[in-house]
Amino acid sequence: MSSRAARDRAGRGRPALHVVWLLALAALLLFAALGVSRDRSRGEAGAGHPIRAGLEPGSSDRLATADATRTNGPAAAPPVRVAPASEPAQPDDAAGLDENAAANAQIEKQLALFDQLAAQEAYDPLWSRAATARLRDALLTEQRELKHADVQCYATFCRAALQYDTSEHGETGFRRLPFVLPWPAEIFVHTTGESRTDGVMYVARENATLRRATL
Amino acid sequence: MTTKRTIAVAAGTVAATLLLGAATVLGQANFIDRVYPASGCTVWSGPAPSYFYSGIENHSSSAIWVDCPVVNETGNPNIGYVQVRDRHPSSAVECTFFSAWGNGSGNITFWATAPQASGGSTNRFVSLIFDSIVDPDPSRASFYYSCTIPPAYSGRYSAIHSYRLEERE
(Lines give C-alpha, C1' and ligand atoms only; values in the text may rest on other atoms or scores of the structure.)
Protein backbone atom coordinates (compact mmCIF):
# COMPACT_ATOMS: atom_id res chain seq x y z
CA MET A 1 0.00 0.00 0.00
CA SER A 2 2.71 2.40 0.94
CA SER A 3 4.69 1.63 -2.21
CA ARG A 4 1.55 2.08 -4.30
CA ALA A 5 0.91 5.47 -2.69
CA ALA A 6 4.43 6.49 -3.49
CA ARG A 7 3.96 5.47 -7.15
CA ASP A 8 0.75 7.50 -7.24
CA ARG A 9 2.52 10.55 -5.92
CA ALA A 10 5.31 10.08 -8.44
CA GLY A 11 2.77 9.62 -11.20
CA ARG A 12 1.04 12.90 -10.27
CA GLY A 13 4.38 14.72 -10.23
CA ARG A 14 5.52 13.54 -13.67
CA PRO A 15 3.22 15.64 -15.88
CA ALA A 16 4.22 18.80 -14.01
CA LEU A 17 7.87 17.89 -14.44
CA HIS A 18 7.41 17.40 -18.17
CA VAL A 19 5.78 20.80 -18.50
CA VAL A 20 8.68 22.45 -16.69
CA TRP A 21 11.26 20.77 -18.90
CA LEU A 22 9.31 21.71 -22.03
CA LEU A 23 9.24 25.33 -20.84
CA ALA A 24 12.99 25.25 -20.35
CA LEU A 25 13.49 23.85 -23.84
CA ALA A 26 11.17 26.45 -25.35
CA ALA A 27 13.02 29.26 -23.57
CA LEU A 28 16.36 27.99 -24.86
CA LEU A 29 15.06 27.78 -28.42
CA LEU A 30 13.54 31.25 -28.17
CA PHE A 31 16.75 32.89 -27.03
CA ALA A 32 18.81 30.97 -29.55
CA ALA A 33 16.50 32.21 -32.32
CA LEU A 34 16.67 35.80 -31.04
CA GLY A 35 20.44 35.67 -30.91
CA VAL A 36 20.72 34.34 -34.47
CA SER A 37 18.34 36.96 -35.84
CA ARG A 38 20.29 39.77 -34.14
CA ASP A 39 23.61 38.50 -35.49
CA ARG A 40 22.16 38.33 -39.00
CA SER A 41 20.74 41.83 -38.85
CA ARG A 42 24.03 43.18 -37.64
CA GLY A 43 26.08 41.77 -40.50
CA GLU A 44 29.56 40.45 -40.09
CA ALA A 45 30.78 43.19 -37.76
CA GLY A 46 28.40 42.08 -35.06
CA ALA A 47 28.58 41.35 -31.38
CA GLY A 48 31.61 39.15 -31.84
CA HIS A 49 33.69 42.07 -33.07
CA PRO A 50 36.86 42.01 -30.98
CA ILE A 51 37.01 45.80 -30.63
CA ARG A 52 33.36 46.13 -29.70
CA ALA A 53 33.88 43.73 -26.84
CA GLY A 54 35.89 46.35 -25.00
CA LEU A 55 33.95 49.37 -26.14
CA GLU A 56 30.72 51.06 -25.33
CA PRO A 57 29.54 54.37 -26.75
CA GLY A 58 30.99 57.46 -25.18
CA SER A 59 34.07 55.70 -23.95
CA SER A 60 36.84 57.60 -25.62
CA ASP A 61 39.54 56.18 -23.38
CA ARG A 62 38.71 52.63 -24.22
CA LEU A 63 38.39 53.58 -27.87
CA ALA A 64 41.87 55.04 -27.81
CA THR A 65 43.27 52.03 -25.95
CA ALA A 66 41.79 49.68 -28.47
CA ASP A 67 43.31 51.75 -31.25
CA ALA A 68 46.71 51.65 -29.65
CA THR A 69 46.78 47.90 -30.03
CA ARG A 70 46.36 48.27 -33.75
CA THR A 71 48.88 50.94 -34.66
CA ASN A 72 51.71 48.70 -35.79
CA GLY A 73 50.22 47.69 -39.06
CA PRO A 74 47.14 47.73 -41.18
CA ALA A 75 43.96 47.45 -39.17
CA ALA A 76 42.18 44.12 -39.23
CA ALA A 77 39.15 45.64 -40.87
CA PRO A 78 36.02 43.54 -40.71
CA PRO A 79 34.66 43.03 -44.19
CA VAL A 80 31.87 45.35 -45.16
CA ARG A 81 28.63 43.48 -45.47
CA VAL A 82 27.47 42.97 -49.03
CA ALA A 83 23.76 42.58 -49.51
CA PRO A 84 22.84 39.25 -51.03
CA ALA A 85 21.30 39.34 -54.49
CA SER A 86 17.89 38.45 -53.12
CA GLU A 87 17.77 41.55 -50.90
CA PRO A 88 16.18 44.67 -52.40
CA ALA A 89 19.11 47.05 -52.76
CA GLN A 90 17.18 50.23 -53.52
CA PRO A 91 13.81 51.58 -52.47
CA ASP A 92 11.33 51.79 -55.32
CA ASP A 93 10.69 55.11 -57.01
CA ALA A 94 7.68 56.01 -54.90
CA ALA A 95 9.53 55.32 -51.69
CA GLY A 96 12.48 57.33 -52.96
CA LEU A 97 10.24 60.30 -53.73
CA ASP A 98 8.62 60.05 -50.33
CA GLU A 99 12.05 59.98 -48.74
CA ASN A 100 13.11 63.07 -50.70
CA ALA A 101 9.98 64.92 -49.71
CA ALA A 102 10.44 63.97 -46.07
CA ALA A 103 14.08 65.02 -46.16
CA ASN A 104 13.28 68.37 -47.73
CA ALA A 105 10.51 68.94 -45.20
CA GLN A 106 12.99 68.19 -42.44
CA ILE A 107 15.46 70.73 -43.82
CA GLU A 108 12.76 73.38 -44.14
CA LYS A 109 11.72 72.71 -40.58
CA GLN A 110 15.32 73.01 -39.40
CA LEU A 111 15.73 76.35 -41.15
CA ALA A 112 12.45 77.57 -39.65
CA LEU A 113 13.66 76.54 -36.19
CA PHE A 114 16.82 78.60 -36.60
CA ASP A 115 14.77 81.60 -37.67
CA GLN A 116 12.49 81.12 -34.70
CA LEU A 117 15.41 80.83 -32.28
CA ALA A 118 17.02 83.93 -33.73
CA ALA A 119 13.82 85.85 -33.08
CA GLN A 120 13.35 84.46 -29.58
CA GLU A 121 16.82 84.24 -28.10
CA ALA A 122 17.86 86.79 -25.59
CA TYR A 123 20.78 88.80 -26.91
CA ASP A 124 24.01 88.03 -25.08
CA PRO A 125 25.81 91.39 -25.09
CA LEU A 126 29.12 89.97 -23.88
CA TRP A 127 29.39 87.14 -26.36
CA SER A 128 27.31 88.09 -29.38
CA ARG A 129 29.14 91.20 -30.47
CA ALA A 130 32.61 89.73 -30.05
CA ALA A 131 31.62 86.43 -31.67
CA THR A 132 30.08 88.22 -34.64
CA ALA A 133 33.29 90.15 -35.25
CA ARG A 134 35.51 87.08 -34.78
CA LEU A 135 33.48 84.94 -37.12
CA ARG A 136 33.24 87.57 -39.84
CA ASP A 137 36.99 88.27 -39.64
CA ALA A 138 37.87 84.57 -39.76
CA LEU A 139 35.66 83.93 -42.78
CA LEU A 140 36.88 86.91 -44.77
CA THR A 141 40.52 86.26 -43.87
CA GLU A 142 40.53 82.52 -44.56
CA GLN A 143 38.26 82.60 -47.59
CA ARG A 144 39.22 85.48 -49.81
CA GLU A 145 36.82 84.19 -52.48
CA LEU A 146 33.93 85.33 -50.30
CA LYS A 147 32.16 88.28 -51.84
CA HIS A 148 29.79 88.77 -48.98
CA ALA A 149 29.49 87.52 -45.38
CA ASP A 150 26.57 88.81 -43.36
CA VAL A 151 27.17 87.48 -39.85
CA GLN A 152 25.00 87.77 -36.77
CA CYS A 153 25.53 85.90 -33.50
CA TYR A 154 22.72 85.41 -31.00
CA ALA A 155 22.93 83.77 -27.57
CA THR A 156 23.71 80.17 -28.54
CA PHE A 157 24.56 80.28 -32.22
CA CYS A 158 25.52 82.45 -35.16
CA ARG A 159 24.03 82.82 -38.61
CA ALA A 160 26.15 83.72 -41.61
CA ALA A 161 24.70 84.43 -45.05
CA LEU A 162 27.52 83.79 -47.50
CA GLN A 163 28.15 84.55 -51.15
CA TYR A 164 31.22 83.40 -53.09
CA ASP A 165 32.49 85.02 -56.25
CA THR A 166 32.27 81.92 -58.47
CA SER A 167 30.55 78.56 -58.33
CA GLU A 168 33.94 76.77 -58.18
CA HIS A 169 34.96 78.84 -55.18
CA GLY A 170 31.52 78.28 -53.70
CA GLU A 171 31.91 74.51 -53.85
CA THR A 172 35.30 74.43 -52.18
CA GLY A 173 34.46 77.30 -49.85
CA PHE A 174 31.39 75.66 -48.35
CA ARG A 175 33.23 72.38 -47.89
CA ARG A 176 36.09 74.05 -46.05
CA LEU A 177 33.89 76.02 -43.68
CA PRO A 178 34.31 73.67 -40.67
CA PHE A 179 38.07 74.26 -40.81
CA VAL A 180 38.11 78.05 -40.92
CA LEU A 181 35.97 78.87 -37.90
CA PRO A 182 37.49 80.84 -35.02
CA TRP A 183 36.31 78.20 -32.53
CA PRO A 184 35.67 74.48 -33.05
CA ALA A 185 31.96 74.18 -33.64
CA GLU A 186 29.23 72.10 -35.13
CA ILE A 187 27.71 73.72 -38.22
CA PHE A 188 24.66 73.39 -40.43
CA VAL A 189 24.98 74.68 -43.99
CA HIS A 190 22.29 75.08 -46.63
CA THR A 191 23.25 76.23 -50.11
CA THR A 192 20.67 78.11 -52.15
CA GLY A 193 20.13 78.97 -55.79
CA GLU A 194 21.44 77.30 -58.91
CA SER A 195 24.69 79.25 -59.10
CA ARG A 196 26.23 77.35 -56.14
CA THR A 197 27.61 80.61 -54.86
CA ASP A 198 25.09 81.39 -52.13
CA GLY A 199 24.23 79.75 -48.85
CA VAL A 200 23.64 80.16 -45.18
CA MET A 201 25.64 78.68 -42.31
CA TYR A 202 24.60 78.23 -38.69
CA VAL A 203 27.44 77.86 -36.19
CA ALA A 204 27.08 76.60 -32.63
CA ARG A 205 28.53 78.61 -29.79
CA GLU A 206 31.66 77.20 -28.12
CA ASN A 207 30.95 73.89 -26.32
CA ALA A 208 27.36 73.88 -27.52
CA THR A 209 25.40 71.98 -30.15
CA LEU A 210 22.80 73.28 -32.55
CA ARG A 211 19.15 72.58 -31.76
CA ARG A 212 17.51 69.90 -33.91
CA ALA A 213 14.05 70.28 -35.37
CA THR A 214 11.83 67.24 -35.10
CA LEU A 215 9.12 66.44 -37.59
CA MET B 1 9.72 14.21 -1.72
CA THR B 2 12.21 13.38 -4.42
CA THR B 3 9.73 14.45 -7.07
CA LYS B 4 9.20 17.82 -5.39
CA ARG B 5 12.93 18.30 -5.26
CA THR B 6 13.27 17.45 -8.94
CA ILE B 7 10.53 19.91 -9.82
CA ALA B 8 12.25 22.57 -7.75
CA VAL B 9 15.56 21.94 -9.53
CA ALA B 10 13.85 22.02 -12.92
CA ALA B 11 11.99 25.24 -12.05
CA GLY B 12 15.27 26.76 -10.94
CA THR B 13 16.82 25.73 -14.24
CA VAL B 14 14.01 27.39 -16.14
CA ALA B 15 14.33 30.58 -14.14
CA ALA B 16 18.09 30.65 -14.60
CA THR B 17 17.73 30.00 -18.33
CA LEU B 18 15.22 32.82 -18.65
CA LEU B 19 17.40 35.23 -16.72
CA LEU B 20 20.55 34.27 -18.60
CA GLY B 21 18.79 34.50 -21.92
CA ALA B 22 17.26 37.86 -21.10
CA ALA B 23 20.61 39.21 -19.94
CA THR B 24 22.30 37.93 -23.09
CA VAL B 25 19.71 39.34 -25.47
CA LEU B 26 19.14 42.66 -23.70
CA GLY B 27 22.79 43.15 -22.80
CA GLN B 28 24.00 42.94 -26.38
CA ALA B 29 25.00 46.38 -27.62
CA ASN B 30 23.04 47.05 -30.78
CA PHE B 31 25.72 48.64 -32.91
CA ILE B 32 27.12 48.24 -36.39
CA ASP B 33 30.83 48.86 -36.32
CA ARG B 34 33.04 49.21 -39.39
CA VAL B 35 36.67 50.11 -40.03
CA TYR B 36 37.72 51.33 -43.46
CA PRO B 37 41.17 51.61 -45.07
CA ALA B 38 41.97 55.21 -45.99
CA SER B 39 42.76 54.17 -49.55
CA GLY B 40 39.01 54.63 -50.04
CA CYS B 41 39.31 58.37 -49.46
CA THR B 42 38.96 60.67 -52.48
CA VAL B 43 41.03 63.80 -53.03
CA TRP B 44 38.89 66.80 -53.87
CA SER B 45 41.54 69.48 -53.62
CA GLY B 46 45.28 69.11 -54.08
CA PRO B 47 47.61 66.57 -55.68
CA ALA B 48 47.08 62.80 -55.63
CA PRO B 49 48.23 60.97 -52.51
CA SER B 50 50.65 58.06 -52.22
CA TYR B 51 49.48 54.75 -50.79
CA PHE B 52 51.02 53.08 -47.78
CA TYR B 53 49.55 49.76 -46.57
CA SER B 54 46.19 50.95 -47.89
CA GLY B 55 46.53 54.23 -46.05
CA ILE B 56 47.24 57.51 -47.85
CA GLU B 57 50.24 59.81 -47.45
CA ASN B 58 50.84 63.28 -48.74
CA HIS B 59 54.24 63.37 -50.48
CA SER B 60 53.56 66.71 -52.14
CA SER B 61 54.48 70.25 -51.19
CA SER B 62 50.89 71.38 -50.68
CA ALA B 63 48.06 70.27 -48.42
CA ILE B 64 45.48 67.86 -49.75
CA TRP B 65 41.78 67.63 -48.91
CA VAL B 66 40.06 64.28 -48.92
CA ASP B 67 36.58 62.88 -48.33
CA CYS B 68 36.46 59.42 -46.78
CA PRO B 69 33.08 57.75 -47.37
CA VAL B 70 31.22 55.81 -44.70
CA VAL B 71 28.31 53.40 -45.12
CA ASN B 72 25.10 54.86 -43.72
CA GLU B 73 23.08 51.80 -42.82
CA THR B 74 20.88 52.96 -39.96
CA GLY B 75 21.07 56.76 -40.13
CA ASN B 76 22.28 56.86 -36.52
CA PRO B 77 26.02 57.50 -36.30
CA ASN B 78 27.39 57.18 -32.80
CA ILE B 79 31.15 57.25 -32.39
CA GLY B 80 34.14 56.98 -34.66
CA TYR B 81 37.72 57.89 -35.30
CA VAL B 82 40.20 58.70 -38.02
CA GLN B 83 43.63 57.17 -37.48
CA VAL B 84 46.28 59.66 -38.64
CA ARG B 85 49.98 60.39 -38.52
CA ASP B 86 51.02 64.02 -38.38
CA ARG B 87 54.66 64.64 -39.28
CA HIS B 88 54.42 68.34 -39.98
CA PRO B 89 55.72 70.64 -37.23
CA SER B 90 53.17 73.39 -37.67
CA SER B 91 50.18 72.08 -39.64
CA ALA B 92 47.81 69.45 -38.32
CA VAL B 93 45.90 66.59 -39.86
CA GLU B 94 42.36 67.75 -39.28
CA CYS B 95 39.05 65.97 -39.85
CA THR B 96 35.36 66.52 -39.42
CA PHE B 97 32.35 64.24 -39.86
CA PHE B 98 29.89 65.28 -42.57
CA SER B 99 26.31 64.32 -43.19
CA ALA B 100 25.30 65.76 -46.55
CA TRP B 101 22.06 65.76 -48.50
CA GLY B 102 21.39 66.96 -52.05
CA ASN B 103 17.84 67.97 -52.84
CA GLY B 104 15.91 67.99 -56.09
CA SER B 105 16.80 71.58 -56.96
CA GLY B 106 20.52 70.99 -56.79
CA ASN B 107 21.15 72.49 -53.39
CA ILE B 108 23.33 70.83 -50.80
CA THR B 109 22.60 70.79 -47.11
CA PHE B 110 25.01 69.40 -44.57
CA TRP B 111 25.77 69.02 -40.92
CA ALA B 112 29.43 68.96 -39.88
CA THR B 113 30.84 68.21 -36.46
CA ALA B 114 33.47 70.37 -34.83
CA PRO B 115 36.80 69.38 -36.39
CA GLN B 116 39.34 67.22 -34.57
CA ALA B 117 43.03 67.92 -35.11
CA SER B 118 46.25 66.03 -34.44
CA GLY B 119 48.23 67.46 -31.57
CA GLY B 120 51.67 67.78 -33.13
CA SER B 121 54.37 66.08 -35.13
CA THR B 122 54.92 62.44 -34.22
CA ASN B 123 55.88 59.16 -35.90
CA ARG B 124 53.00 57.36 -34.21
CA PHE B 125 49.51 56.94 -35.51
CA VAL B 126 46.97 58.68 -33.32
CA SER B 127 43.18 58.62 -33.37
CA LEU B 128 41.09 61.70 -33.93
CA ILE B 129 38.06 60.64 -31.93
CA PHE B 130 34.48 61.68 -32.62
CA ASP B 131 32.83 60.46 -29.46
CA SER B 132 29.34 61.86 -29.67
CA ILE B 133 28.10 62.38 -33.19
CA VAL B 134 24.62 63.82 -32.93
CA ASP B 135 21.98 62.25 -35.15
CA PRO B 136 21.85 64.13 -38.42
CA ASP B 137 18.79 64.82 -40.50
CA PRO B 138 17.83 63.73 -43.06
CA SER B 139 18.72 60.29 -41.77
CA ARG B 140 19.44 58.95 -45.28
CA ALA B 141 22.10 61.56 -46.00
CA SER B 142 25.54 60.48 -47.13
CA PHE B 143 28.15 60.20 -44.40
CA TYR B 144 31.85 60.87 -44.74
CA TYR B 145 34.87 62.19 -42.94
CA SER B 146 36.42 65.22 -44.58
CA CYS B 147 40.10 65.73 -43.78
CA THR B 148 43.07 67.84 -44.69
CA ILE B 149 46.59 66.38 -44.72
CA PRO B 150 49.51 68.81 -44.47
CA PRO B 151 52.33 68.81 -47.04
CA ALA B 152 55.55 66.82 -46.74
CA TYR B 153 58.13 68.29 -44.41
CA SER B 154 61.84 67.43 -44.79
CA GLY B 155 61.03 64.08 -46.35
CA ARG B 156 58.47 63.19 -43.70
CA TYR B 157 54.95 62.48 -44.76
CA SER B 158 51.68 62.94 -42.93
CA ALA B 159 49.06 60.29 -43.46
CA ILE B 160 45.63 58.85 -42.81
CA HIS B 161 45.72 55.14 -42.21
CA SER B 162 42.14 54.10 -41.52
CA TYR B 163 38.85 55.34 -40.19
CA ARG B 164 35.92 53.89 -38.37
CA LEU B 165 32.27 54.56 -37.64
CA GLU B 166 29.96 52.83 -35.24
CA GLU B 167 26.24 53.21 -35.91
CA ARG B 168 23.37 52.50 -33.55
CA GLU B 169 20.85 50.04 -34.92
What residue, among those in region B:102-115 that are within 7 Å of chain A (Cβ to nearest Cβ) and part of a loop (DSSP other than H, G, I, E, B), is nearest to A:Arg212 (Cα to Cα)? B:Thr113
For region B:54-74, what are the residues that are of a type outside the set (S, T, N, Q) and either more than 10 Å from chain A (Cβ to nearest Cβ) or touching a helix residue (DSSP H, G or I) at 6+ places or on another chain (Cβ under 9 Å) (or both)? B:Gly55, B:Ile56, B:Glu57, B:His59, B:Ala63, B:Ile64, B:Trp65, B:Val66, B:Asp67, B:Cys68, B:Pro69, B:Val70
Hits in region B:124-140 - residues which are aromatic (Phe, Trp, Tyr) and touching a Cys at 6+ places or on another chain (Cβ under 9 Å): B:Phe130
Subset of region B:86-96 (residues that are more than 9 Å from chain A (Cβ to nearest Cβ) and in a strand (DSSP E or B)): B:Cys95
Residues of region B:130-151 being more than 10 Å from chain A (Cβ to nearest Cβ) and either surrounded by fewer than 20 Cβ atoms within 10 Å (Cβ to Cβ) or part of a strand (DSSP E or B) (or both), in sequence order, are B:Ser142, B:Phe143, B:Tyr144, B:Tyr145, B:Ile149, B:Pro151
Just one listed residue, out of B:Ser118, B:Ser154, B:Ser127, B:Ser99, is more than 11 Å from every other protein chain (Cβ to nearest Cβ), crowded, with 21+ Cβ neighbours inside 10 Å and without any contact (Cβ under 8 Å) to a residue 60 or more places away in the chain, and it is B:Ser118
Which of the residues belonging to region A:187-208 are in contact (Cβ under 8 Å) with a residue 24 or more places away in the chain and assigned to a loop (DSSP other than H, G, I, E, B)? A:Ser195, A:Arg196, A:Thr197, A:Arg205, A:Ala208
Looking only at region A:177-211, count every residue that is at the interface with another protein chain (Cβ under 7 Å from one of its Cβ atoms) and surrounded by fewer than 20 Cβ atoms within 10 Å (Cβ to Cβ) and tell me the total. 5
What is the residue count in region B:35-78 for residues that are in a strand (DSSP E or B) and modelled with pLDDT of 95 or more? 20
Condition check for A:Arg212: modelled with pLDDT under 95, in a loop (DSSP other than H, G, I, E, B) and out of contact with any Ser or Thr (no Cβ under 9 Å at 6 or more places or on another chain): yes
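The values are calculated or read from the model by the stated rules, or taken from the named source; none is laboratory data. Not measured: the values here are computed from a predicted model. A quick note on method: Cβ atoms are made from the backbone with ideal geometry, for glycine too, and the neighbour counts reach across all protein chains shown.
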